[in-house]
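Taken together, the values in this text are just the output of simple stated rules run on the coordinates, not laboratory data. All figures in this text were calculated on a predicted structure; none of them were measured in a lab. Neighbour counts are summed over all protein chains in view; Cβ atoms, including those assigned to glycine, are modelled from backbone coordinates with ideal geometry.
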Amino acid sequence: MSTLASPERSAPGRSRSGSEEPAPLSFGRGVRAILARDLLQEWQSREVIPTMVVFALLVLFIFSLGANPVRGGDITGRYGPAALWITVFFSASIGVHRAFAKERESDAFSGLLVAPIDRTCIYIGKLISGWIFASVMAAVVFVGFFVFYNPPVAVLWYLVPLLVFALFDYLAVGVILSAMTSSLRGGEVLLRLLLLPLMIPVFVVAIHATTPVLADGALPADPIFPLGALVGIGAIYLAAGTFLFVHVVEE
């Protein structure tokens, strides 16, 4: 029999120095923790959503002055799609920038990185919270669009899934770019310069799907194709963001 004693295994949840370490959270619990934290911060500060909403309504109103929507569907169909999507995307960029700017300002970002969660949880949690904030803004934009543009209402419901998927695509790219630019001087401007060109495919699909709805009150010739295209673009952006986020925050 060997005289060597087998090494004693360390107790679960303890480091070699004997200090206790928090057990890592599961992926789902980590995402929920990040999401709950962001929602609670927004509820207490009421900073992101009101800013986006006010900015969006101002942009819609300014667009309406030039479009003269009182003349009816022709003008609404010509100017309405661009006004709607430019308003949504530019207003959502405010929330995208604040996703990590607040963490940098309060020096809380390093705390997130050492939290006992997978770092991908931070990306997914920020994506979901940003999508919720942007969806609230988009709902107000939808109502404001009724007021300023007087669009045909027959198939206006078709814009709802378009907004849902387009905003998801926007946030899937926006969150990763926000993490990259939030610590840089002029990061908010740089974020928009990088984000908006990447949104050109989403913008083109959304414009073409929205034009017949606002001009004629009719669905596009193939109403499923724009939705499928937005889902496909979102899947690519989500996969890229999930892969890149870990490498971005390590730099």
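Where does the charge balance sit around Leu238 when Lys and Arg score +1, Asp and Glu -1, over other residues with C-beta under 13 Å from its C-beta?
Net local charge, Leu238 excluded: 0.
Evaluate the distance, in nm, between pseudo-label points positioned 7 Å from the Cα of Phe61 and of Arg29 along their respective Cα→Cβ axes.
Placing both labels 7 Å along Cα→Cβ, they lie 4.8 nm apart.
Using label points projected 7 Å from each Cα along Cα→Cβ, tell me how many nm separate Asp216 and Val231, to one decimal.
The answer from the label model is 2.5 nm.
So for the pair Ile224, Ser135, with labels modelled 7 Å out along Cα→Cβ, what separation do we get in nm?
For Ile224 paired with Ser135, the spin-label model returns 2.4 nm.
Arrange the peptides 55-64, 159-168 so that the one whose residues have, on average, the most other Cβ atoms within 10 Å appears first.
159-168, 55-64
Would you list Ser135, Ser91 from fewest to most Cβ contacts within 10 Å?
Ser135, Ser91
Out of every Cα pair in the stretch 27-250, what percent are spaced more than 20 Å from each other?
Considering the stretch 27-250, 59 percent of its Cα-Cα pairs are separated by more than 20 Å.
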